[in-house]
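*Asks:* I have a structure here, written as structure tokens, and I will follow up with some questions on it.
The values are calculated or read from the model by the stated rules, or taken from the named source; none is laboratory data. Everything quoted here is computed from the prediction, not taken from an experiment. A quick note on method: Cβ atoms are made from the backbone with ideal geometry, for glycine too, and the neighbour counts reach across all protein chains shown. Quick note on the areas: whole protein, heavy atoms, side chains included, nothing else; ligands and nucleic acids left out. Shrake-Rupley method; radii C 1.70, N 1.55, O 1.52, S 1.80 Å.
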Amino acid sequence: MPRFAIATLVPALLLALAVLAGGAWGAAALLWMTVLTFALDRLGRAPARQGAGEGRALTVALGSVHFLLWGLAIWGVGGPSGLSALERGVAFFGFGLFFGQISNSVAHELIHASGRALRRLGAAIYVSLLFGHHVSAHRLVHHVHVATPRDPNSAPLGRSYWGFLPRAWWGSFREGWRAEEALRARRSGPRGLHPYAIWLGGAAVAGLLALLIGGPGGLAALLGLAAYAQAQLLLSDYVQHYGLTRRAGAEGRAEPVGPQHSWNAPHRQSAAMMLNAPRHSDHHAHPARPWPELALEEDMPRLPQSLPVMATIALWPPAWRQLMDHRARRVMARQGA
């Protein structure tokens, strides 16, 4: 676990110093999550199987760190922190990257956990980023319908990220609602509070807390950071499922989810920073499997570059399609899709 702890906790410390001390700490955090990660990814790859490991303590610790950084980000970027305009701008991008890449990976792990308290912690992280509905959509829609037209978070071949982004956001909100409604309709006992009341009510509470911490500027900072983090989460979905589809089987039903329905990346440092999120095929095959145990096998489609690099390329659709369309067609041809 030391490699994962260093990759995730060091940028958290640097971001805290960026607000509390100012100066070059924010730039150091940005460089850690971008340039250094890229360089270390080029030096070596993680083993295909890492074996079991105790990752829960680090996951919970990072969940707690998220909320400390959340308050610091709002106060530092939009509140009366005394930071210069340049320091606030650098801090915004640093915190945004942390929330979109590390906090998202932590929350994703937690909402798949078996314990209710852990799932609630993961949901609270998403709510703090005004993205609570992702909890419903991810578990009840994405994992059920991935790589089919019924999943708004699976991008078909040829669709750009910019065309995917609004469809995925609204589609996941709508389909998550429908899935929760169907689930509640099947229950015979008390239904309790609707999850979407929690997601929307929690977002309102988050906005109120941002106002209390940083005034109108704090609320603006929250809205900006949440939009940045959400865009990164959807960009990750775009990259990890682009162009991969499940064949229609008997009675028009999609075939079972297999390793060929997700893109993966074997790069060492970015995987450590994102708690093995780039080992995406194994996660879809075993959603409850803890992140230290996720494996990367030879038959799993691989991205030509690390996940952060591919996400950057996806922002330029012509370059993305030139790099990925023929790879997606080749994967589909192998399975006869």
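*Asks:* Only Cα pairs within less than 10 Å get springs; with that Gaussian network setup on the chain, which residue of VAL205, VAL239, VAL127 has the largest fluctuation?
*Replies:* Result for the chain, Cα springs under 10 Å: VAL205 fluctuates most.
*Asks:* Report the net charge of residues surrounding GLY22, where surrounding means a beta-carbon distance below 12 angstrom and charges are Lys +1, Arg +1, Asp -1, Glu -1.
*Replies:* Once positives and negatives cancel, what remains is 0.
*Asks:* Simple spin-label model, 7 Å along Cα-to-Cβ: TRP162 to ARG119 in nm?
*Replies:* 3.9
*Asks:* For the chain, what % of the accessible area comes from carbon and sulfur atoms, probe 1.4 Å?
*Replies:* Exposed carbon and sulfur together represent 65 percent of the surface.
*Asks:* Put a dot 7 Å past each Cα toward the Cβ at LEU193 and LEU323; how far apart are the dots in nm?
*Replies:* The answer from the label model is 4.3 nm.
*Asks:* Whole number in Å², please: accessible area per residue of the chain, 1.4 Å probe, ligands, DNA and RNA not counted.
*Replies:* Dividing the accessible area of the chain by its residue count gives 44 Å².
*Asks:* Running a GNM on the chain with Cα contacts under 10 Å, which residue among GLU87, GLU298, GLU251 ends up with the highest mean-square fluctuation?
*Replies:* It is GLU251.
*Asks:* Here's a follow-up. Using a 7 Å offset from Cα along Cα-Cβ at LEU43, what residues in region 290-312 end up with backbone N under 19 Å from the label point?
*Replies:* 306-309
*Asks:* Using DSSP H assignments, which helices in the chain have an axial alpha-carbon span of 20 Å or above and a mean Kyte-Doolittle hydropathy of -0.5 or higher?
*Replies:* 2-20, 56-73, 195-241
*Asks:* Is it possible to state the helix-based mean residue ellipticity at 222 nm for the chain, with each DSSP H run of 4+ residues giving -39500 (n - 2.57), the sum divided by total residues, to the nearest 500 deg cm²/dmol? What is it?
*Replies:* After summing the helix terms and dividing by residue count, I get -19500 deg cm²/dmol.
*Asks:* Another one. Which of these, GLY176, GLY215, GLY243, has the largest mean-square fluctuation under a Gaussian network model of the chain (Cα springs below 10 Å)?
*Replies:* GLY215
*Asks:* I want the local charge near ARG119. Using Cβ-Cβ distances under 14 Å, sum +1 for each Lys or Arg and -1 for each Asp or Glu among the other residues.
*Replies:* In short, +3.
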